[in-house]
Amino acid sequence: MNLDSLKQRIVNHSFEYYSTLALLTIVLGCFSYGLLPILGIDWAKNTFSIELILTGVGFIIAVTCYWFFIDYCRQKPFALLIMLALLIPFRLFIMRLITAHGGNFLILLLPNLVLVPPIFITAVPYLRLLWQKLPYLKYFTFLLGLTILYYLFYNHNVYDNTSSQTLGFRSLFALCFNYIVILLTGAVMYRYPDPKRFFHLFNNLIIMLGLVFSILPILFYPMDIMVQMVESVKRMNFVFDFPAQYSFYIGFITVYLLGLFFYEETLPEKSRLRQSLILSTVILGFLALLTAFTKNAIFSVMACGTLIVILNLVTSKQYVKLATLAISIPLLTLVGVYTLQSVTGMDVSNIVDQRLQNISSIDWRHHVWDYLLSDITPISSLIGHGLSAASDQMRIHEGFNVLQSTNELKQVLYVHNDYIAQFYDFGLPGLAVFVSLFIILMRTGFQMIKSAFPISQSALKITIIGLIASYLIFCSTDNAFVSVENPIWMLLTVLYVLNDRIYGSEYR
């Protein structure tokens, strides 16, 4: 019997299949807990416990569903992007579940192993094409290889006292996961026959995620659901570990959707209803940032949003009127802030002012950066101090403990500056690759200024510039590069491949 006939039999007899599993569960349970104990046999209660039986049944059902999902991906590769988009934010739930039962090894393997069959089905035939078309893939590959080498041979193994994972392990996991995201996203886009339709479906997915991840935090905030007290301010973290991670996620989506607003303005079949939906999602995303109150994220979105608006007005002013934007965006923002205050019961202006006045986080960041830079020697500038060495220095330096709103000292292990962290850990080679990764991205984006590109392509490249600029800002005072919970690599890969498929290599 071949696999196709077996799958067809399961489909045709799905009721009998799952009914048999349920019946087997009941029979084993009655046998283990009813009949055998009467005969004085107790070992089966542990061997065939209800939890174990249900786990086995659930595993069989999960494997069967995953089997059909892999087969479905051959025909509908867009399902992979939906899986990735949902796995990025909710990976934390998977990690917490596995941490309780497995530890570091399974945390790294399970989410990645689940994606191995789709990679071979979808990505492997396109690896050479992706290597040629994605300018940042080579740098990302080198940086991943460097991290693996340091993880194996030059690793400080610094543990966060709030979890069971080392910080070097988290960095490696982040790079592995984002590398998979790049490969799968690029391969799915090249495989999809109609790139414009794919882009439309993908944007619908991003709009949906933007609405969900904006509206729910605004509604949850007054109920104290998924919030943290940080620096005496109640801040939203939603499904993430920390408010900054949530800010990365919603911040990148907000910047991307603002760029999408201008792109769709250039289309002849543009829809005013859809444009209004995109702009509303942008406003909601910015308001959701106010519930997280991450100064870096708020500044980044405002600055990069302004950059996107200015560049689009310069290159496509015949499509977008300055007066319309000058009136509509501030007006919608004011209405949104008033609505946010009504829903959450918080005084936004007072809390924002309180956050701006509190510069203690900036002070200790500068203290950390100065200390690490002063510790760099000629030798270490070439080979670095080792993976997570910067965090190790902060761990043994008591002066880097931060007083929280609970009057308890919290040990700070993250450098909150990816450039200094890369330089300290890997030396100049690692820093050079890290910076080159963004230089090549920005250079491709700014090519539209020197050439007469179509207006729609200009809007795409301006969006790339806005995303990379926001990423550069995030990396300057936070840990955006080692954070898995942001969709930027998926967004950038979609934009690059779309640009290549629509306009061809002559415009790259």
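The values are calculated or read from the model by the stated rules, or taken from the named source; none is laboratory data. Bear in mind the structure is a predicted one, so any value in this text is a computation, not a measurement. Note: areas computed on protein heavy atoms with side chains; ligands, DNA, RNA excluded. Shrake-Rupley method; radii C 1.70, N 1.55, O 1.52, S 1.80 Å.
Descriptive notes on the structure:
- Entries in LYS76/LYS270; LYS138/LYS196; LYS196/LYS295; LYS76/LYS138; LYS133/LYS295; LYS270/LYS461 that, when Cα-Cα distance is taken, lie over 24 Å: LYS76/LYS270; LYS138/LYS196; LYS196/LYS295; LYS76/LYS138; LYS133/LYS295
- Rounded to whole Hz, the Karplus (6.51, -1.76, 1.60) HN-Hα couplings of region 65-77, x for glycine and proline: 4, 5, 4, 5, 5, 4, 5, 5, 5, 5, 9, 10, x
- Cut-off under 5 Å, modelled amide H: who pairs with ARG235 long-range: GLN228, MET229, VAL230
- Calculated from backbone phi, Karplus (6.51, -1.76, 1.60) coupling profile of region 138-146 in Hz, x at Gly/Pro: 5, 5, 5, 5, 5, 5, 5, x, 5
- Net length gained if the chain between ILE215 and ILE379 were fully extended (0.36 nm per residue, minus Cα distance): 54.0 nm
- Ranking TRP364, TRP67 by solvent-accessible area of protein heavy atoms (1.4 Å probe, all protein chains present), from largest to smallest, gives TRP67, TRP364.
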